[in-house]
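Presented below is the structure to which this report refers.
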Amino acid sequence: MSAEVAPPADISPSDFLSRHGVEHDTADNLGMAKQFQVLTEMFGARFEEYGNLEDIKNCIFSAKQALTLTPNDHPSLADRYNDLGRAFMIRFGCLEDGDLDDLNQGIPMLQQCVHITADDHPEKASRLNNLRLAFQIRFERKVQQHILDLDDLSHAISVCQRAVELTRDDEPDKVSRVGDLGIILLNRFKLTGTCDDLSRSIAAFQQTVDLVANNHTDKIAWLINLSGALQIRFERNGDVDDLSRAISATEAAVCLAPEGHPKQALCFSHLAGTSLAQFVRSGDSSDFSRAITAGHRAIQLIPDDGDPSKAACYSNLAAAFLAHFERVGEVEDLTQAISAGQSAVSLASNMHPDKVTYLTNLVLAFRHRFDYAGDLEDLSQAIAAGQLAIELFPSGHPSTPLCFINLSGAFYARFERLGDVDDLSQSIAAGQRAAGLITDDNPDKAICLNHLSAAFQAEFTRLRDPISLSQAVTTGQAAVKLAPEGHPNKALHLNTLSAAFLSRFKYGRDVDDLGQAVSTGQKSIELLPDNHPRRAAHLNNLGLALQDLFHHSGDIPALSQAISVGEQAVSLTPDGHPDRASHIFNLAQALSSRFVLTGHTSDLASAINYLRSASEDPVGVPRSRFRAASEWGRLCASNKDLPSPLPAFEQLVSLIPLVVTLGHPIEHRFIDVANEIGDAVNYAAAVASAEGRPDLALEWLEAGRGIVWSQFFQLRTPIDDLRSRHPEVAEKFEHLSRSLQSSPAGFGGTMPDDISTRLRFAREFETLLTDIRNLEGFEGFLLPQKYPQLIDALSRAQLDGPVVVINVHDLRCDAFAFSPSGIFRHIPLQQFTVERADAMRSLCKSLNMGRARHSNGDSDAPGTSTERGTLQFRSRMDKRARNLLGFLWYVVVYPILKAVEDLLWETTMERKPHIIWCPTGPLAFLPLHAAGLYGHGSQPKAFDFVASSYTPSLSALIYASSKPSDSRIIGTPSLLCVAQEKTASAPHLPPLSGTIEEMRVLKSRFSDRITCLEGARATTAEVLKATRQHTWIHLACHGTQDEEDPTDSAFLLHDGRLTLSDLIHESAAGGELAFLSACETAMGDSTIPDEAVHLAAGMLAVGYRGVVGTMWSIGDADAPLVADTFYATLLEDRSRGLVTGAQTGAAYALDSAVKKLQEDVGEDDFVRWVPFIHFGF
């Protein structure tokens, strides 16, 4: 058979041989091997010409047959292994995705070929090169699959090294093989950081440059490779000689590349890189200009045809702008860096080996711009880029730690702004992951530890765990130790360590820590260039440490220095910088301290001017602005010779929506209220009362209490007027409202990292609100209501009795009453103080009041009772309880009732009046409805004069009254009854036999208009579903208040917990009344009393107009009696037409039910009847 006879495309190798009279002869294997060898060559040649995959398949088959038939001692055996190995490689390369199995089969063939080929064989070096290429290709393919197999790279290096050794210097392939060796060594260095690989790579590139003349076509490429490797070693070791050699090699390459040369763009790209390195070292602006000019020139020279080198040029340009910003602080550099970085990322596919580097630069650029301008969108972009970089890295990649470091920093920055503990956790986790992956000799280790130190400090601030504080100091010290003297980041690490020492001093009061805080802070300032963009922040932190030194030791020079560095920090912080407000606030604090020390009014005047400026800074961090307004008001209020404090507090109240925003998770909003809002607003109201402006006091109290619930009401506000006049705007408002409500992290719960999504919704919502308020007639849309608007809304709320708001503060205590007819009355509570309120609250808590729904047995015998909660029910309160209720009567309730006596009878003469209490502070946890004199015969009690209700805020009443009536409420409403005698989801809790009796009496009252879910039927899903189908709901089960996470307070059902978070996502559009016959449903959280974070308030927010809850426990045997009397009275009142307007009638029905319970158990058995309270209408 001759090689000229080509087989048809559709015939197999065996059939082809048969047609040409070649039969398989076992006696002549060698002959058959030759025939298959010829066939291998023919199929291979035809595949190369036509690209038919069937040909390469037949080529592999023929090569296998030829190899199988060739004896092991035959001289052509190596050729057979080579042919089969190359055939597998060809098929791998021709398939779009490449089958890794072809590589896995081909490489052993090529290895065997090399093994049996003698070193003096003329093809040995070439075959080694083929094997090197195969190992290299398999390594790269695995990387694309996120598998890092360094063994393949190591095999490639050893094989390539051997090929170089076997190739004479005068052979044409010598240069390319040496260059290939340099490239592979450099790649392994980038993956392992092994300095020997980098040095060997540089030596190889230098050899290629030395081997070729200047007119050699590849001379430019080898010069560029040499320059790149030298620059990397310079950045690693700081040897200026390496940078000089890199610059020389780059300049030589530029000179050899005439206009139009295909490598010209690459030359300019590397010139940009070496010039940038020189700029970072020297700070010479001419080096920066050369880097930018060369970078732009490189980009211009590369056509827009998908050339991957263009992405690298954009990335280099981004790095140059970023370095320039870090040196001189020009914000325009960040804009340019982000633009170039985004271009680099968009041009590089996810498989591009350098895409992660481009993403890393982009993360840093976004971070810096956030630090400068404070736009949270930049942080979200930084986090997204950082997360993508980590996803693209194969496991074990050496650049992974740097990605985790950058991501840790971005998460921490967002935590600092939003306070979201999830971000803090992500920051610490990413930092610890990086620290575990990186060695101490890596310069990034110090950066990693510095991030961790800051994050541990924040964790301590949040959790008050001294372990976190200790970790903050030790990691900060390690970061400082790892950063060599002269390193540009040394000052940054010292600043973080200074803050850690200061935090530890404030916790442990160890004066050595304070000294360390000052000394490390001073050293960080000394190391920073005067024009460094972080210098102002370092000065500010040093000022804080010096202020603490003054307050601790009375060191007057320390205070003077604090003022000096504070003034420098302010002067270095430009207008428009988000940190300017906090820097001004800290300086004002120092000036105020000096005023107290010296009495110099100029310091006080300066402090007030600074505070006003900080509070009015439109781009300042809202929390800093709020604190500045608060301190501004406090200073003015403390000195009668100063201007009125009211403008300061007006500013403070206007900032509340910026501090507690919809972009924050709900639990963080509650923390903001606890840490920032509550006391400041109560103080502002007290000052307004003292200034004779009770109208402002009421307005501010309403703006500063029930904030989270008010935001929730905003998202459900009827917008009929907006819809009629601007339907498209109304539709967008409703869409964003639904998006924010459906976000689990928006109202309870958590999200993986959809924080960015939540922030985007919140930004869009705030922008939309601004647009709506620019529409004619909608200027005040959803803004906190001013006094006239508030009074008007209350006048239209169909009240049936006065509402009384009570403010409690150290300065003074006041009540503010509003009647249905629109009369407003200010009632100073001259005998009441915060100290007394706190003492009564503590007494109430120490008595425990029971926290369990008591089942059966003798109420005087604690050990015989079964409970619905966790602590034993107390049957009777002692003398201290009587004193508490009596004192509450004398100093709070009686003065108020006396002052509003004429207002009580505006709407009724047939039965006792109705009053709605809206207390603040510690008073929110005290039973105003039970205040009175007990144990002395017929003595006055609150319930003798009024039927009491409570409301979390005036907004809650206004919202409830604005709900349209539901047709299902007419007649006898439908009732959902949920009863849990035994709680399968919490088997440790005692059974509640009283719930069976409770359900029985309700069935008798409602007949066919009741749905009962008990036992296994009362699942969370079924209960939620049923709430949508009934106007009234009665829950008889265990309940619990979670003080760690108030939104996790819950009713305990058969299969789990029905939490406040779950209920918040429901919308009871037709809901009218909810009776929560469980313990702790209206207990609240003592850290945020004015937010009413309990299940009863949650049911109001869900949409129920009236809610019956429990302040602590209820007796299991008492619950059926109360429920029976409650519904009997309620249904009778409705049938007699006594329930009108927005009222539910629940206040009077509960008053009757409690009266009945008192008759049965006695008035002095407080713990059994006091817990039942009513909220809303």
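Just a few scattered comments:
- Backbone geometry of region 1139-1150 corresponds, through the Karplus equation with coefficients 6.51, -1.76 and 1.60 at θ = phi - 60°, to 3J(HN,Hα) couplings of 9, 10, x, 7, 5, 9, x, 5, 4, 6, 5, 5 Hz, x marking Gly and Pro.
- The chain - percent of accessible surface contributed by carbon and sulfur, probe 1.4 Å: 50 percent
- For Thr1011, residues with placed amide H under 5 Å, excluding near neighbours: Leu975, Leu976, Cys977
- Peptide ranges 633-639, 782-788 listed from the most packed, as the mean C-beta count within 10 angstrom indicates: 633-639, 782-788
- Karplus-derived 3J(HN,Hα), 6.51/-1.76/1.60, for each residue of region 138-145, Hz, glycine and proline x: 5, 4, 5, 5, 5, 4, 4, 8
- Mean Cα-pair separation over length for the chain, i.e. relative contact order, pairs under 8 Å, 6 or more apart, %: 5 percent
- Folded to 0 to 90 degrees: helix 1118-1135 orientation relative to the chain principal axis, Cα: 70 degrees
- For Cys813, nonlocal amide neighbours, meaning residues 5 or more places apart or on other chains whose placed amide H falls under 5 Å from its own, are Leu829.
- Around the amide H of Glu981, modelled in the peptide plane, lie the amide H atoms of Gly1015, all under 5 Å away and 5 or more residues distant in sequence or on another chain.
- One decimal place: the segment Tyr50-Asp218 gains 57.3 nm when fully extended, by the rule 0.36 nm per residue minus the C-alpha distance.
- Packing rank of 413-426, 918-931, where each peptide gets the mean count of other beta carbons within 10 Å, highest leading: 918-931, 413-426
- Inter-site label distance for Arg1009 and Gln145 at 7 Å from Cα along Cβ, in nm: 6.9 nm
- Checking the Cα-Cα distances for Lys64/Lys142; Lys190/Lys481; Lys912/Lys1003; Lys912/Lys941; Lys506/Lys640; Lys142/Lys174 against a 23 Å cut-off, the pairs over it are Lys64/Lys142; Lys190/Lys481; Lys912/Lys1003; Lys506/Lys640; Lys142/Lys174.
- Full-stretch length increase - Leu933, Asp441 - with 0.36 nm per residue and alpha-carbon distance subtracted: 169.5 nm
- The chain - mean residue ellipticity at 222 nm from DSSP helices (-39,500 (n - 2.57) per run, n ≥ 4, rounded to 500): -20000 deg cm²/dmol
- Here the peptides 1114-1122, 879-887 are ranked by packing, the mean other Cβ count within 10 Å, and the order with the highest first is 1114-1122, 879-887.
- Part-to-part distance (alpha-carbon centres) for region 1147-1174 and region 367-419, which is given in Å: 58 Å
- Helix axis angle, 444-463 relative to the chain longest principal axis, alpha carbon, degrees: 10 degrees
- Gap separating the Cα centres of region 174-220 and region 889-923, nearest whole Å: 90 Å
- Using the Karplus relation 6.51 cos²θ - 1.76 cosθ + 1.60 with θ = phi - 60°, the per-residue 3J(HN,Hα) values for region 309-320 come to 5, 5, 4, 5, 5, 5, 5, 4, 5, 4, 4, 5 Hz, with x marking Gly and Pro.
- Placing Arg693, Arg80, Arg812 in order of accessible area, with the largest value first and a 1.4 Å probe, yields Arg693, Arg812, Arg80.
- Helix 331-347 axis, angle to the chain major axis (alpha carbon atoms, nearest 10°): 60 degrees
- Sorting Arg725, Arg127 on solvent-accessible area from highest to lowest, probe radius 1.4 Å, gives Arg725, Arg127.
- The trypsin sites (Lys or Arg not before Pro) of region 426-484 that DSSP puts in a loop, and whose beta carbon has at most 11 other beta carbons within 10 Å, are Arg464.
- Gain on full extension, evaluated as 0.36 nm per residue between Val328 and Asn104 minus their Cα-Cα distance, stands at 75.3 nm.
- Both radii were evaluated on the Cα set of region 502-619; the Rg over Rh quotient, with Rh as the Kirkwood radius, amounts to 0.97.
- With distances taken between every two different alpha-carbon atoms, the chain has a Kirkwood hydrodynamic radius of 35.6 Å.
The values are calculated or read from the model by the stated rules, or taken from the named source; none is laboratory data. If you're wondering where the values come from, they're calculated on a predicted model, not measured in any experiment. Neighbour counts run over all protein chains shown; Cβ positions are idealised from the backbone, glycine included. Areas reflect the complete protein model, heavy atoms only, side chains present, ligands, DNA and RNA absent. Shrake-Rupley method; radii C 1.70, N 1.55, O 1.52, S 1.80 Å.
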